[in-house]
Amino acid sequence: MKMVTIKKNDYIYTPVGTCVTERWKIIHGWQAPSELKEYQDKFKYYQELPMRKLDDLGKQEYEALLKKNKVVRVR
């Protein structure tokens, strides 16, 4: 992939294949929500809710089910 230097006065319209998120990160200092610690903590909290009432065997079965279905968990 060809790297392009982005300046503040560049137009927002770019050739096909340019990653808009990279442009916004460089120009505006934008950060994706998935990279923010508070969002990661929030997703982790909600992913762990089903496991709160399970015993050890239930937790193992739940983890096996997630693995079988290829569900990625935030750790």
Exercise for review: List, in order, the whole-Hz ³J(HN,Hα) value for each residue of segment 35-45 obtained from phi through the Karplus relation with A = 6.51, B = -1.76, C = 1.60 and θ = phi - 60°; use x for Gly and Pro.
Suggested key: 9, 8, 4, 5, 6, 4, 5, 4, 5, 5, 4
Check your understanding: List the trypsin sites (Lys or Arg not before Pro) in segment 33-64 that DSSP assigns to loop (not H, G, I, E or B) and whose Cβ has at most 14 other Cβ atoms within 10 Å. Which are they?
Key -> R52, K53
Check your understanding: Going through segment 17-75, which chymotrypsin sites (Phe, Trp or Tyr not before Pro) have at most 14 other Cβ atoms within 10 Å and a DSSP loop state?
Key -> W30
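Just so you know, all these numbers are worked out from the coordinates, no wet-lab data involved. If you're wondering where the values come from, they're calculated on a predicted model, not measured in any experiment. Here Cβ is always computed from backbone atoms with ideal geometry, including for glycine, and neighbour counts include all displayed protein chains.
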